[in-house]
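These notes are about the structure you will find just below.
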Amino acid sequence: MKDAAWVAEAAGGELVAGEPGVAGPRRAVVDSRDAGEGDLFVGLHGANADGSRFAQSALEAGVWGVLVGPSRARELVEHGVTAPVIASHNTLHGLWSLARAWRRELGARVVGVTGSTGKTSTKDILAALLAPHIRVHRNRENWNTEIGLPLTILEAEEGIDALVLEMAMRGEGQIAELVAIADPDVGVIVNVGPVHLELLETVERVAAAKAELIRDLHPGAACVVPASEPLLAGHLRTGDLDTWTFGPGGEVSLLAFDATTGRAEIEARMETIELTLSYSEPYNLLNTLAAVAAVRALDIDVGGPVNVRFSSLRGEVVELPGGVIVVNDCYNANPMSMRAALDHLEASAAERRIAVLGTMAELGPDSGSYHREIGAHASDLGIDVLVPVGDDALDYTRDFDGEVHPVATPEEAGALLQELARPGDRVLIKGSRSVGLERVLA
């Protein structure tokens, strides 16, 4: 970033200490425990604590400077702090404003990715497609919120050609906030499904919240949407956006795929593209079509090997001693992603197929029926063993006809697997993040 005066102005704050011409920070952080030399510490005011209270410890750790509330800024000045101190009446909005200014300063092209499921994997695939051609920066792990996204932008170095930004949504207006910060040149909606229903109540309202991305794109931008998605049809802008559709019946579709070699043949607006993929899950093939559409919307050629480093806890394949294969997909879960994961489990070679399932959170008053439907789907697929984790997951068992072993905690599930799993078995571990199923393999 530029100098301290530029940072203060970009953040909409006042530089009350430090030299205006001192070179700017290398990034921004909001956790003083992660703060170090060259960082701008931003003291966010949360529900339970005021982050500005930790400004002094951040300064002692050697940060470049701090962005804090006015009263805390005055205290720091009175204590003789000489590092840059920027006072702001709303440090979160200051973070947003600074990220917005740095996005403009970078001059990079931006792709925003959202969806009910698969947006993280799509982001990872998209970054892998772009990486051989241009310099790319993307969100780390789950840095996809109103805090994580601006921090991601502020981590980007000068010379970056493209930002690939995942955008999370829990309620109405949140995608709009992220679009206002990132100003995408391409907006991707991977899919729409029953998520966050505790807040939004209906899938139609979920679609409208996701479609804030389409609504707020600048004229001349491109949007990428699933072909024949009726929930998005009324939100499309045909006059001033370049709209790409993907999936069956879309402008970007899968012509052929060889799971043995990973060779995929894709048609994109009458152009044939050949890729060699390092993965074979059907849902990730669909995510690849969305990513290809976004790359072509940027007018960048694509082809050849695609080696993706997927974010952690999203379909990681682990081989345990004794020849048991575990698919660790426990970062999140909703009815769409749960069905897709079970479908892939059923299609995988195995002696037995075991599903360790935690609850799917934020589904509202119909949560029980969604869980019961997933259990019935697992039964229809012929999944051999179901291990529901916690009382809220017992609804999976109501219409499941196979072997059932309920447990109370992820640790109990891990102990059970040691006794239950045999060589040649394949195990799926999946549930919402709040369940903590990563502890099954701890």
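The values are calculated or read from the model by the stated rules, or taken from the named source; none is laboratory data. Given the structure is predicted, the values throughout are model-derived calculations rather than measurements. Here Cβ is always computed from backbone atoms with ideal geometry, including for glycine, and neighbour counts include all displayed protein chains.
So, in segment 386-409, exactly how many residues are more than 30 Å from the chain's Cα centre (by Cα) and either closer than 21 Å to Glu316 by Cβ or assigned to a strand (DSSP E or B) (or both)? Going through segment 386-409 one residue at a time, the tally reaches 2. Restrict the check to segment 277-285 and report whether at least one residue is among the polar types (S, T, N, Q), in contact (Cβ under 8 Å) with a residue 24 or more places away in the chain, within 22 Å of Val195 (Cα to Cα) and in a helix (DSSP H, G or I). Checked segment 277-285: at least one residue is among the polar types (S, T, N, Q), in contact (Cβ under 8 Å) with a residue 24 or more places away in the chain, within 22 Å of Val195 (Cα to Cα) and in a helix (DSSP H, G or I).
Look at segment 201-224: where a residue is closer than 19 Å to Ala290 by Cα and touching a residue at least 12 places away in the same chain (Cβ under 8 Å) and a partner is among the small types (Gly, Ala, Ser) and in a helix (DSSP H, G or I), sitting 6+ places away or on another chain with Cβ atoms under 6 Å, you get Glu212/Ala176; Ala222/Ala297; Val224/Ala290; Val224/Ala293; Val224/Ala294.
Across segment 121-150, the number of residues qualifying as out of contact with any helix residue (DSSP H, G or I) (no Cβ under 7 Å at 6 or more places or on another chain), crowded, with 20+ Cβ neighbours inside 10 Å and basic (Lys, Arg) comes to 1.
Being in contact (Cβ under 8 Å) with a residue 40 or more places away in the chain and surrounded by 17 or more Cβ atoms within 10 Å (Cβ to Cβ) is true for just one of Leu357, Leu386, Leu416. Which residue is that?
From the options Leu357, Leu386, Leu416, the qualifying one is Leu357.
Scanning segment 339-362 for residues that are touching a Ser or Thr at 6+ places or on another chain (Cβ under 8 Å) and hydrophobic (A, V, I, L, M, F, W, C), we see that the one that is modelled with the highest pLDDT is Met360. From the list Ile160, Ile175, Ile189, Ile153, the one residue that fits, being under 16 Å from Ala101 (Cα atoms), crowded, with 20+ Cβ neighbours inside 10 Å and modelled with pLDDT of 95 or more, is Ile153. Being assigned by TED's automatic domain parsing to the domain that holds Ala28, surrounded by fewer than 21 Cβ atoms within 10 Å (Cβ to Cβ) and basic (Lys, Arg) is the requirement here; does Arg100 meet it? Spelling it out, it is not the case that Arg100 is assigned by TED's automatic domain parsing to the domain that holds Ala28, surrounded by fewer than 21 Cβ atoms within 10 Å (Cβ to Cβ) and basic (Lys, Arg). Confirm whether Thr152 is hydroxyl-bearing (Ser, Thr, Tyr) and in a loop (DSSP other than H, G, I, E, B). Taking the combined requirement at face value, the residue does not satisfy it.
Residues in segment 344-383 that are acidic (Asp, Glu) and more than 22 Å from the chain's Cα centre (by Cα): Glu346, Glu351, Asp366, Glu373, Asp380. Residues of segment 36-65 that are assigned to a strand (DSSP E or B) and farther than 18 Å from Pro25 by Cα: His45, Asp50. Filter segment 101-115 for residues that are closer than 19 Å to Cys223 by Cβ and part of a helix (DSSP H, G or I) and give the result. Result: Arg103, single match. When segment 410-442 is limited to residues that are in a loop (DSSP other than H, G, I, E, B) and in contact with a helix residue (DSSP H, G or I) (Cβ under 8 Å, 6 or more places away or on another chain), the one that is farthest from Val317 (Cα to Cα) turns out to be Gly436. So is Asp31 free of Cβ contacts under 8 Å to residues at least 40 places away in the same chain, under 18 Å from Leu98 (Cα atoms) and not assigned by TED's automatic domain parsing to the domain that holds Ala156 or not? The answer is yes for Asp31. Applying the condition of being of a type outside the set (A, V, I, L, M, F, W, C) and not in a loop (DSSP other than H, G, I, E, B) to segment 13-34 and asking which residue is nearest to Ser88 (Cα to Cα) yields Glu14. Taken over segment 303-325, the criterion of being assigned to a loop (DSSP other than H, G, I, E, B) and within 17 Å of Ser280 (Cβ to Cβ) is satisfied by Asn307, Val308, Arg309, Phe310, Arg314, Gly315.
Which residue out of Ile181, Ile214 is modelled with pLDDT of 95 or more, touching a helix residue (DSSP H, G or I) at 6+ places or on another chain (Cβ under 7 Å) and assigned to a helix (DSSP H, G or I)?
Values: Ile214 fails: touching a helix residue (DSSP H, G or I) at 6+ places or on another chain (Cβ under 7 Å).
Only one candidate qualifies: Ile181.
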